[in-house]
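Where a number appears in this text, it was derived from the coordinates with a stated rule and is not lab data. In this text, all values refer to a predicted model and were calculated from it rather than measured experimentally. Cβ atoms come from the backbone with ideal geometry, glycine included; neighbour counts cover every protein chain shown.
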Amino acid sequence: MAKLVAHFRCFCGCAETFPLTRAIYRCPTCNGLLEVAHDLDALAKTSAEEWRARFDARWAPRATDMALPSGVWSKREWVAPEVSSDAIVSTGEGMTPLYPARRLAEELSFGELYIKQCGSTHTGSFKDLGMTVLVSVVNHAIRTGDLRIRAIACASTGDTSAALAAYGAAAGLPVIVLLPRGMVSVAQLVQPLANGARVFALDTDFDGCMQVVKELASRGLIYLANSMNPLRVEGQKTVAVEITQQLGWEVPDWVVLPSGNLGNAAALHAGFSMAKSLGVIDKLPRLCIAQAANASPMYHAFVAKTDEVTPVVAKPTQASAIRIGAPVSAPRAMAALKAMNGVVEQASEDELANASAHADRTGLYTCPHTGVALACAMKLRARGVIGARERVVVVSTASALKFTEFKLGYHEHKLPEVTSTLANEPVTLPADVETVARQLSL
Ligand SMILES: *Cc1c(COP(=O)(O)O)cnc(C)c1O
Ligand SMILES: [Zn+2]
């Protein structure tokens, strides 16, 4: 195959392009977002059948094939083809289970319901998928002498920082993370500390942290790792390809995605459209962007039938990773919504917490964001927007093991705005066989 090249280009169509090794996050002409453009003509020289066979063969790699089986790098021609193998920084991300939620589907009258378990990964969220690409490109560019940086930095609601800190540490690169003080879970705060990142807890919300880190990036003080940087989107888009691959290269009817900054919505769209343009799939699924009602600017734009997403001040929500009032990738998500015949739905605190608890009762263990997606899917199903026979994939964005405060608070009836209808509390008993035995008949 001819040497594949990808580059940055303006999302709204300005002509200039830039190498992926350049520290650039906005179009210098129109100040709009950037995207990664691939050489689709070169990629199309490989047939759809061959791509499917190649990706399937790489799903179960021999230990000698690559350092680690990676859902992202097993599709490297579609992601960042120029990165040399020895520059790749991977933790074996991706290839996460597509869990058939049979009991839950039955109880909620879905035709077919799958949970894409993106939290079953190194740092416990889908952010690993994008971060492996970003850190690998930086690593590659430093080695080739194309890039010099002092540190990689991000603003985060907790999961981006965990991923950046881990991949940065694996590569031996300095990492700085900006967190809204007191607004991330204990596990999320500990992750970057453990990986040796410099953690700045700012007295503001995520949107405030984002403002600061963007300014640091524009002054050239740091390399920006937020999803405004399209390299993240390139890694995250492999989820779309994985989902279809796990369904035997069939496209689901719906994908439901908990969303905040909206980079992942753009990523799903990028993945499905790339697969479609190369003939690997024949249609796009419908997209549901699921938001927490306490932070739902995209939902408000959708209801008002406008393309302009008006920033809001995001209120506290258990779905803390999507507590975002001014989503950076709103224009990309708008395009995704249009192309995928999408809808936007929102879930209240009560809805998200009880949906999460319901799923847990069927053997899952769901984070609050997955709760948002499930609650939104349930509402769409109840209204008949999602049909009784349709095949639905809910993207679970993080491991619930990072959100123990949420789980405990639910079962102790302590979450604000929530009536815990499925609370289950431990029964304290003396260590006496007769007393315990009497309790066995429930
Ligand atoms: C980052 C994140 C999201 C939202 O992704 P966006 O690209 O910001 O929309 C959802 N859930 C979890 C757990 C996250 O960490
Ligand atoms: Zn432009």
*Calculated on alpha-carbon atoms, Rg and Dmax of the range 321-402 in Å*: 13.6, 37
*Principal axis dimensions, the range 128-197 - Cα atoms, whole angstrom, descending*: 40, 22, 17
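When N is the residue count of the range 276-349, what does its C-alpha Rg come to as a fraction of 2.2 N^0.38 Å? Let's see the in-between values first.
Details: Rg = 13.6 Å, N = 74, 2.2 N^0.38 = 11.3 Å.
Here the answer is 1.20, to two decimals.
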*So what's the chain giving for Rg/Rh, alpha carbon basis, Kirkwood Rh from the mean inverse pair distance?*
0.97
_Debye intensity ratio I(q)/I(0), log10, the range 188-317, q values 0.19, 0.20 Å⁻¹ (C-alpha model)_ = -1.20, -1.24
*Reachable lysines, given that their alpha-carbon falls under 22 Å from the alpha-carbon of residue 407 and they are not under 8 places away in the same chain*: 116, 127, 315
*Mind checking Rg over Rh on the range 186-237, alpha carbons, Kirkwood formula for Rh?*
0.99
*List, in order, the whole-Hz ³J(HN,Hα) value for each residue of the range 318-328 obtained from phi through the Karplus relation with A = 6.51, B = -1.76, C = 1.60 and θ = phi - 60°; use x for Gly and Pro.*
4, 7, 5, 6, 10, 7, 9, x, 10, x, 5
*Compute the separation of the alpha-carbon centres of the range 296-358 and the range 172-198 and state it in Å as a whole number.*
25
_Please report the antiparallel percentage of DSSP beta bridges with both residues in the chain, rounded to the nearest 5._
30
_Please arrange 241, 133, 212 by how many other C-beta atoms lie within 10 Å of their C-beta, fewest to most._
212, 241, 133
*Mind checking which aspartates and glutamates have their C-alpha under 12 Å from residue 283, skipping anything on the same chain fewer than 8 residues away?*
250, 253
*Kirkwood hydrodynamic radius (Cα pairs, Å) of the range 90-141?*
12.7
*What ranking do 369, 269 get, fewest neighbouring Cβ atoms within 10 angstrom at the top?*
269, 369
*Taking the Cβ of residue 225 as the center, what net charge do the other residues with Cβ under 11 Å away carry, scoring Lys and Arg +1 and Asp and Glu -1?*
+2
*Taking residue 45 as the anchor, which aspartates and glutamates have their alpha carbon closer than 17 Å to its alpha carbon, excluding any fewer than eight residues away along the same chain?*
77
*Once both labels are modelled 7 Å past Cα along the beta-carbon direction, what's the residue 200-residue 404 spacing in nm?*
3.0
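Taking N as the number of residues in the range 1-112, what is its alpha-carbon radius of gyration divided by 2.2 N^0.38 Å? Don't skip to the end; give the middle numbers.
Details: Rg = 18.5 Å, N = 112, 2.2 N^0.38 = 13.2 Å.
Its radius of gyration relative to the 2.2 N^0.38 Å reference: 1.40.
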*With unit charges on the beta carbon (Lys/Arg positive, Asp/Glu negative), name the residue among 386, 410, 398 whose Cα is farthest towards the positive pole of the charge dipole of the range 352-413.*
386
*Over the range 1-60, volume per residue of the alpha carbon convex hull, in Å³*: 122
*Net charge contributed by nearby residues that have their C-beta within less than 14 Å of residue 49 (K/R +1, D/E -1)*: 0
*In terms of the ratio Rg/(2.2 N^0.38 Å) built on C-alpha atoms, what value belongs to the range 102-254?*
1.18
*Calculated on alpha-carbon atoms, Rg and Dmax of the range 84-181 in Å*: 17.2, 57
